[in-house]
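Have a look at the structure below, then the notes.
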Amino acid sequence: MTTPTLSIPDLETVYDVLAQAIDQAGPEKSELFLVKLALLNANALGRAETMQQHIQAALQDL
């Protein structure tokens, strides 16, 4: 079973939409927005272990 991935143009689109949504949420609500988005994506992913791996990967090199 292969893991689906996005093309570079699709990743750029997601980045742009995400950046706009963070701006729309504003500084006072951006953290809440990101947590809600992460939980929605975790639910769609359907595997807590994979989400934990993604969280650890995202923490790298901050």
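The values are calculated or read from the model by the stated rules, or taken from the named source; none is laboratory data. Not measured: the values here are computed from a predicted model. With ideal geometry, Cβ positions are generated from the backbone for all residues, glycine too; neighbour counts draw on all protein chains shown.
Each row is one residue, and each column tells you yes or no for (1) closer than 19 Å to Ile55 by Cβ; (2) of a type in the set (A, V, I, L, M, F, W, C); (3) at pLDDT below 95.
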| position | (1), (2), (3) |
| --- | --- |
| Thr5 | yes, no, yes |
| Ile8 | no, yes, no |
| Thr13 | no, no, no |
| Asp16 | no, no, no |
| Ile22 | yes, yes, no |
| Pro27 | no, no, no |
| Ser30 | yes, no, no |
| Leu34 | yes, yes, no |
| Leu37 | yes, yes, no |
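Whenever a residue of the stretch 11-38 is on the phi < 0 side of the Ramachandran plot, its partners that are among the small types (Gly, Ala, Ser) and in a helix (DSSP H, G or I), lying with C-beta atoms within less than 6 angstrom and at least six residues away or across chains, give the pairs Ile22/Ser30; Phe33/Ala25. Screening the chain for helices (runs of 4 or more DSSP H) wholly inside it with 2 or more residues that are more than 13 Å from the chain's Cα centre (by Cα), exposed (fewer than 10 other Cβ atoms within 10 Å of the Cβ) and of a type in the set (Ser, Thr, Tyr) returns no ranges.
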